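Everything on this sheet refers to the single structure shown next.
The values are calculated or read from the model by the stated rules, or taken from the named source; none is laboratory data. All values derive from a computational prediction rather than experimental measurement. When we count neighbours, we look across all protein chains shown, and the Cβ atoms used for this are built from the backbone with ideal geometry, even at glycine. Quick note on the areas: whole protein, heavy atoms, side chains included, nothing else; ligands and nucleic acids left out. Shrake-Rupley method; radii C 1.70, N 1.55, O 1.52, S 1.80 Å.
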Amino acid sequence: MIRNRDYVNSLLKKFIFQIHPDFFQNHRKLQVINETNLKLLNSLNDSTQENYLSGSMPRSLSFYVKPDSFIGQAVTPRKVSLYISRLEESLTEILETLGVQLPENIHRNNQQNNVISSGQCVSASPKQIEWFLETLVDRRSLMMWREDRIKYLNECINTLKETTGVSSVEFRNSWSAQNNTIFITSILRTIQTSHHYFSLPWTGFKLIISQDDTNQSLLSASVDYLERCIYINPTHTPSQWIQTLSKVQHANNMIPMDTIATSHYQEEMEAYLIYLLSQLNMNGVHVKIKRGFTCSESAYRMFLNNTIKAMKQLPFNHDIINTSFQSLHNDFSLLQFIIEDSHGTKMLSNGNIRLDCKASIITIQNLLQQKEAIKNCILQSQKSYQLQQEMILLSNTLKEKLLLKDIMTGVGVDEIKMKVFLQTLDEYISSRNGRLGVLKHLSGMKLVVGYYLGIADDGSCIVPWDMQLQ
């Protein structure tokens, strides 16, 4: 039954430390439950696959995890369930939720047992998908626990933003929500107890949580005024955090002006692009400019500034622009310009137009003189918009039928794949005359469409976009 016994035993040791009955002296009923089920769990080492299949072993065992008041959560012990047929996977999910470091599994690369974990991409067969959906009954308490952890983490982040004045907090580490919460509470406590060292608020800055020290070899490099970023390493000590944060200068007056200028430049740039399109008799086209992932804020701001300066040397008719905006209500036409760095200027297959942040005003003008190509971009954009509307309608219908909290698109899943997934669910329900079958286990959950089966850190259920149902 247990193919990798040594590794599972290592997981069990870490798990038992979280649920040992000795931690429940003040919860006698829960202590008895843990004592009873721990004896059954220990007996698994002497069990055989035949014993499980014959029904002599239970489907799952319930335990209560010791209360953890350190991160400010409720002191009431949380209930978790171990599903016996996938003991290794179940132990891994629970320990990941607790933020416990997993032991090294030297046999994992040689295993061929198709274990589906929350962080492992697999090609799931219909049988595996059916099994996974059925086990959501045992996973539900764990998923609710993860959802509560994320909610509490977000509360801590909001408190940190209010305290420091930063615009956002970005995590660039792979820690669990549990460990990120511990870090956020630690940095909050450091700031509150040592506030006299700091020049608050840090308005307009982003706080970046990263273990990458490549940009932080010098202490001064931990604060990037050009990009308005503050880099904090969560593995550093509080004294090192104080050294870094004390270098941040009060920017209450300077940063908002940059933000306002960028927004103003963007509006002017969008108006100018609409003007160029109107010269091609393309009135009614809505233009949107967006900073791409590879373009820094400073490069984006410089691109807009330089383009606006060059634009003002050219003729500019604002009356045509106003007419263009008025006709938007009759026909939806969108051209989206994505500003990237060192990726070249070209028209993309999805209807977007990519502009290099180093592109000149002449390059932009020449690009927009390609009337047929521009028409194709607008047509593709309209198709994409229609597809989005169809998916919104189908998604809302499925949420109502399955009683889902939400259906979300995962990373790397495009509109076509998302539509295939939604149609698969709809056809499955229709083929069963409205009966939900194994999909009934999704009731009350948030569904993420991705590339594998698993449980997300926020308690969502992840399923592959191309899943097949029997």
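Descriptive notes on the structure:
- Which numbered condition L44 fails, given (1) open to solvent by less than 20 Å² (accessible area, probe 1.4 Å); (2) closer than 30 Å to D466 by Cα; (3) modelled with pLDDT under 85; (4) not in a loop (DSSP other than H, G, I, E, B): (2)
- Looking only at residues of the range 299-322 that are part of a helix (DSSP H, G or I) and modelled with pLDDT under 80, we find that the one that is farthest from I339 (Cα to Cα) is D319.
- Pairs meeting the criteria (first residue in the range 436-456 and polar (S, T, N, Q), second residue open to solvent by 20 Å² or more (accessible area, probe 1.4 Å) and not in a strand (DSSP E or B), beta carbons under 7 Å, at least 6 apart or on different chains) are S443/L403.
- All positions within the range 13-29 that are open to solvent by less than 80 Å² (accessible area, probe 1.4 Å), farther than 16 Å from L82 by Cα and part of a helix (DSSP H, G or I): P21, F24
- Residue check for I462: surrounded by 15 or more Cβ atoms within 10 Å (Cβ to Cβ), at pLDDT below 90 and under 24 Å from E130 (Cα atoms): no
- Qualifying residue in the range 439-454 (condition: of a type in the set (F, W, Y) and open to solvent by 60 Å² or more (accessible area, probe 1.4 Å)): yes
- All positions within the range 351-379 that are open to solvent by 60 Å² or more (accessible area, probe 1.4 Å) and within 24 Å of D341 (Cβ to Cβ): K358, I362, N366, Q370
- Enumeration of residues in the range 430-470 that are farther than 20 Å from A124 by Cα and part of a helix (DSSP H, G or I): S430, S431
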